[in-house]
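Peer 1: Right, I'll just put the structure down here and ask away after.
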Amino acid sequence: MEIYMKTTIKLAVASALVAAASSANAGIVIPAGDWTLDIGGNVNAYYTSTRESGDLRGGSGGTLGGSNSTNESTESNITTGLLPSFLSVSGKTRQNDLDVAFTISINPGASTTRAGFQGSQQENRQAFLTFGDKSWGSIKLGKDLGIYASDAILNDMTLLGVGAGAGILAGNTTTLGRIGTGFIYADWKAQVAYTSPNWNGFQFTVGATQAWDATSAAQFNATPGNPFASAQGRGRGGSSPAFEGKASYEWTGDVAGKVWTSFFTQDVEFGSVVTTAAAVRGDNERATAMDIGANVNVAGFGLTGYYAKGRGVGTTLMLRDGFDATGKRRDSQDWYVQGTYTIPGVGTKLGVSYGRSELEGNSGEVAGLLAGGADYENKMWTVGAYHPLTKHLNLVAEYSDVETEIGALDGTSKTVSAGAILFF
């Protein structure tokens, strides 16, 4: 991913603002001796109403695709959207022929569901430094948005809104947007990364990121008697880091756009891991994934297409459910298409998108909902309207319809959301 002198979240915000036909300005800029400080962020909140039906209500089966946090058929919340509210402080300076910068951010939520309890309402997603020069590129060290699949979320129109997850994630700092219904979450990762100079629109990034443990759905969404929990292999990050990279080409003009591709690879160790179903093999496995995407804009119309293929990376969250109880990799794929149109003279952006995330069970699985090679699939279509009331304030309305299928079981989750997001 491109190494920015300001925060990666700010690029996501700028991208979202463009999607909403609003003007994106810098934050509060303060000269401070040799440094230039930039304070910026956003505050957002949405009223949401989620109605669900079918077998997979209340997160049963380990799903995250939009289920309510209770077994009620309808749940209403006032919550933060896909972007958490955040406050970031960035600084940059030029020293010894180097551009030097830092970013630190805090990310609170806008809702709570428990009396007297605020502890889960805080994240710290960014703490990194960069140094470099436009002649040879830049180096980033610290915690920031991951490299693989980062463009998938930056081009998602629900970045300004809610998407899925308004029920089960009520009281958290963020909803899901299209995460898990079209792409895997790039997440926030400790990393050492190099980004090349921009050569007439072409740029690449490669980096080593912190290796993560392979996890099961039950560790994120445990429910009593959850049978899906017994079919997951839980491996540990290997002795080496994960490796990620991406390349992109961007152009401007009457027909503007961007194409990109990225990869992820990580060794996962199973030798000393005890699972809930069976002992796994004593060797290691490698989780891998690649993606490709494109975005084109002309005369107010925008079109985005994205596709990813993985082995062992799982679904929704990186390395979630990527391995079965014997440590064998599961195959997965993610894709979405999105079309938008900005109304001339008004600035309101209208959009519609559809996507799927699919996880294939292995033929040898004998426990849990994926036994016998059953598949796990989340799919969602979303329609939304994003109106710039001022250059900093956007009104948002969305409708998202999620359908989850796990073997012979299925469920639907339909969410209506309306609110506002303010950038500064």
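The values are calculated or read from the model by the stated rules, or taken from the named source; none is laboratory data. Since we're looking at a predicted model, the values are computed, not measured. Because the Cβ atoms are built from the backbone with ideal geometry, glycine has one as well, and the counts that use them run over all protein chains shown.
Peer 1: Counting only residues that are surrounded by fewer than 23 Cβ atoms within 10 Å (Cβ to Cβ) and not charged (D, E, K, R), which one in the range 91-104 is farthest from Gly419 (Cα to Cα)?
Peer 2: Here the residue is Asn96.
Peer 1: If the requirement is being hydrophobic (A, V, I, L, M, F, W, C) and in a loop (DSSP other than H, G, I, E, B), which of these qualifies: Val296, Val352, Val346, Val337?
Peer 2: Going through Val296, Val352, Val346, Val337 in turn, the sole match is Val346.
Peer 1: Among the numbered conditions (1) modelled with pLDDT of 90 or more; (2) in a strand (DSSP E or B), tell me where Lys391 comes up short.
Peer 2: The failed condition is (2).
Peer 1: I need the full set of residues from the range 294-324 which are over 17 Å from Ala242 (Cβ atoms) and touching a residue at least 60 places away in the same chain (Cβ under 8 Å), in order please. Give the steps one after another, and end with the answer.
Peer 2: Of the residues in the range 294-324, the ones over 17 Å from Ala242 (Cβ atoms) are 294-307, 309, 315-316, 321, 324.
Hits for the range 294-324 are Asn295, Gly302, Thr304, Tyr306, Thr315, Thr316, Asp321, Asp324.
Peer 1: Name, by its number, the condition in (1) over 25 Å from Gly167 (Cβ atoms); (2) modelled with pLDDT of 95 or more; (3) surrounded by fewer than 16 Cβ atoms within 10 Å (Cβ to Cβ) that does not hold for Leu422.
Peer 2: Against the list (1) over 25 Å from Gly167 (Cβ atoms); (2) modelled with pLDDT of 95 or more; (3) surrounded by fewer than 16 Cβ atoms within 10 Å (Cβ to Cβ), Leu422 comes up short only on (1).
Peer 1: If I filter the range 347-369 for residues that are in contact with a helix residue (DSSP H, G or I) (Cβ under 7 Å, 6 or more places away or on another chain) and β-branched (Val, Ile, Thr), do I get at least one hit? Spell out how you get there, then give the answer.
Peer 2: So in the range 347-369, the residues in contact with a helix residue (DSSP H, G or I) (Cβ under 7 Å, 6 or more places away or on another chain) come out as 349, 351, 353, 361-363, 365, 367-369.
Imposing the further condition that a residue be β-branched (Val, Ile, Thr) reduces the set to none.
Checked against the condition, which is being in contact with a helix residue (DSSP H, G or I) (Cβ under 7 Å, 6 or more places away or on another chain) and β-branched (Val, Ile, Thr), the range 347-369 yields no hits at all.
Peer 1: Okay, moving on. Can Thr48 be described as over 19 Å from the mean Cα position of the chain (by Cα), under 29 Å from Ala420 (Cα atoms) and modelled with pLDDT of 90 or more?
Peer 2: Yes: the conditions hold for Thr48.
Peer 1: Still on this structure, I have one more. For the range 84-154, which strands (runs of 3 or more DSSP E) that fit wholly inside it have 1 or more residues that are of a type in the set (Gly, Ala, Ser) and touching a Phe, Trp or Tyr at 6+ places or on another chain (Cβ under 7 Å)?
Peer 2: Of the strands (runs of 3 or more DSSP E) lying wholly inside the range 84-154, those with at least 1 residues that are of a type in the set (Gly, Ala, Ser) and touching a Phe, Trp or Tyr at 6+ places or on another chain (Cβ under 7 Å) span 86-95, 98-108, 137-145.
Peer 1: Being modelled with pLDDT of 95 or more, of a type outside the set (Ser, Thr, Tyr) and not in a strand (DSSP E or B) is the filter here, so list the residues in the range 242-272 that pass it.
Peer 2: Just the residues of the range 242-272 that are modelled with pLDDT of 95 or more, to begin with: 242-266.
Now narrow it down to the ones that are of a type outside the set (Ser, Thr, Tyr): 242-247, 250-251, 253-260, 263-264, 266.
Within the range 242-272, Gly253, Asp254 qualify.
Peer 1: Sort out which residues of the range 298-311 are in contact with a strand residue (DSSP E or B) (Cβ under 6 Å, 6 or more places away or on another chain), surrounded by fewer than 19 Cβ atoms within 10 Å (Cβ to Cβ) and more than 14 Å from Tyr148 (Cβ to Cβ), and write them in order of number.
Peer 2: Hits for the range 298-311 are Val298, Gly300, Phe301, Leu303, Gly305.
Peer 1: Follow-up. Out of the residues in the range 196-220 that are at pLDDT below 95 and either touching a Leu at 6+ places or on another chain (Cβ under 9 Å) or not in a loop (DSSP other than H, G, I, E, B) (or both), which is nearest to Trp260 (Cα to Cα)?
Peer 2: Per the stated criteria, the residue is Trp212.
Peer 1: Of all the residues that make up the range 321-334, how many are within 15 Å of Phe270 (Cα to Cα) and outside any loop (DSSP other than H, G, I, E, B)?
Peer 2: 2
Peer 1: Checking Ala166 against (1) within 23 Å of Ala256 (Cβ to Cβ); (2) surrounded by 24 or more Cβ atoms within 10 Å (Cβ to Cβ): exactly one of these is not met. Which one?
Peer 2: (1)
Peer 1: Considering the range 355-388 alone, what residues qualify as being of a type in the set (Val, Ile, Thr) and either in contact (Cβ under 8 Å) with a residue 40 or more places away in the chain or not in a strand (DSSP E or B) (or both)?
Peer 2: Here is the first cut: in the range 355-388, the residues of a type in the set (Val, Ile, Thr) are 366, 382-383.
Across the range 355-388, the qualifying residues are Val366, Thr382.
Peer 1: Within the range 186-195, is even one residue buried (at least 18 other Cβ atoms within 10 Å of the Cβ), modelled with pLDDT of 95 or more, not aromatic (Phe, Trp, Tyr) and not in a strand (DSSP E or B)?
Peer 2: yes
Peer 1: Let me ask something else. Tell me which residues, restricted to the range 312-363, are surrounded by 24 or more Cβ atoms within 10 Å (Cβ to Cβ) and aromatic (Phe, Trp, Tyr).
Peer 2: The answer is Phe323, Tyr336.
Peer 1: The conditions are (1) over 15 Å from the mean Cα position of the chain (by Cα); (2) closer than 19 Å to Tyr47 by Cβ, and Lys140 fails exactly one of them. Which is it?
Peer 2: Checking Lys140 against (1) over 15 Å from the mean Cα position of the chain (by Cα); (2) closer than 19 Å to Tyr47 by Cβ, the one that fails is (2).
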